[in-house]
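Engineer: Structure below; questions to follow.
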Amino acid sequence: MAADSITDTVLAGLVDLACAANGGRALWASDEFFAEKTNLLRPEDPVFVAERYTDRGKWMDGWEPRRRRTPGHDRCIVALGIPGRIRVVDIDTRHFLGNHPPFGAVYACNAPGAESADLQDTVEWVRIVDQVPLQRGTHNIVGAQVDAVFTHVRLDIYPAGGVARLRVYGEADVAPTSEALDLLALG
């Protein structure tokens, strides 16, 4: 079975809860020197443009902090556009071939309406994806380990490196309202 068909089977019926097109927002990152955190949630596939540079170096379509020369790791906090039960996470390193993070982990919390970096110190984060090795230049698809409704995720990368996209697939947990919501139209 081809990798794409395996991915399609695993993701069937799930919604990307973090995608910017569904209202997801990158709220805070420990560093975004080479590439901005907002790129993580763009709905389109990442692209590589060989001849494109910025005043900080090679332009990359993703989130990329500067290299760590001190202990620690980098992280990014994301407000999900749709609260839900997270089933699968894709830490996509496409186009990051020599500068991807060697490891990643994902944490989540349920903090409706929270909008700031204060989340890192004021809520209890639950690890939903253990620290796993990340392969360069590809999708790194991992199942979530906790069955609960979450509103935010935090991607921790060890120690640093570039991530093209963060996809957080799950089942929407939408409170009943008088407005119709077309879940089938969500990406």
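The values are calculated or read from the model by the stated rules, or taken from the named source; none is laboratory data. The structure presented is a predicted model; accordingly, all values stated were derived computationally and were not measured. All Cβ positions, even for glycine, are placed from backbone atoms using ideal geometry, and neighbour counts span all protein chains on display. Each accessible area value is taken on the protein alone, full model and side chains, heavy atoms only, with ligands, DNA and RNA left out. Shrake-Rupley method; radii C 1.70, N 1.55, O 1.52, S 1.80 Å.
Engineer: Calculate the spin-label point distance for ALA148 paired with PHE103, positioning each point 7 Å from the Cα along the beta-carbon direction, and give it in nanometres.
Structural biologist: Between PHE103 and ALA148, the simple spin-label model gives 2.3 nm.
Engineer: Apply the a/c threshold of 1.5 to the C-alpha gyration tensor of region 66-171 and tell me whether it is rounded, prolate or oblate.
Structural biologist: The shape class here is oblate.
Engineer: Express the carbon and sulfur contribution to the solvent-accessible surface of region 34-187 as a percent, rounded to the nearest whole number, probe 1.4 angstrom. Numbers along the way, then the final one.
Structural biologist: Values: 3890 of 7740 Å².
The nonpolar share, carbon plus sulfur, comes to 50 percent.
Engineer: Highest first, please rank the peptides 11-17, 72-78, 89-95 by the mean number of other Cβ atoms sitting within 10 Å of their residues.
Structural biologist: 89-95, 72-78, 11-17
Engineer: Please compute the length gained on full extension between THR122 and VAL10, using 0.36 nm multiplied by the number of residues separating them and subtracting their Cα-Cα distance.
Structural biologist: 37.0 nm
Engineer: By per-residue mean of other Cβ atoms within 10 Å, what is the highest-first order of 148-161, 20-33?
Structural biologist: Ranked from most to least packed, the peptides come out as 148-161, 20-33.
Engineer: Tell me the per residue accessible area of the chain using a 1.4 Å probe; a whole number in Å² is fine.
Structural biologist: 51 Å²
Engineer: While we're looking at this one, here's another question. Please report the net charge: other residues with Cβ closer than 14 Å to the Cβ of GLY84, K and R +1, D and E -1.
Structural biologist: Working: positive: ARG85, ARG87, ARG167; negative: ASP16, ASP147, GLU171, ASP173.
Once all neighbours under 14 Å are counted, the net charge is -1.
Engineer: Work out the length of the dipole vector of region 36-187 about its Cα centre, built from +1 on the beta-carbon of each Lys and Arg and -1 on the beta-carbon of each Asp and Glu, and round it to the nearest 20 debye.
Structural biologist: About 780 debye.
Engineer: Could I ask something else about it? Could you compute the FRET efficiency for GLN131 and PHE33, with r as their C-beta to C-beta distance and R0 at 22 Å, rounded to 0.05?
Structural biologist: Working from the Cβ atoms, E equals 0.45.
Engineer: Just to confirm a number: summing +1 for Lys and Arg and -1 for Asp and Glu over residues other than LEU41 whose beta-carbon lies under 10 angstrom from that of LEU41, what do you get? Can you show the working numbers first?
Structural biologist: On the way: positive: ARG25, LYS37, ARG42, ARG165, ARG167; negative: ASP16.
Within the 10 Å Cβ shell, the charges total +4.
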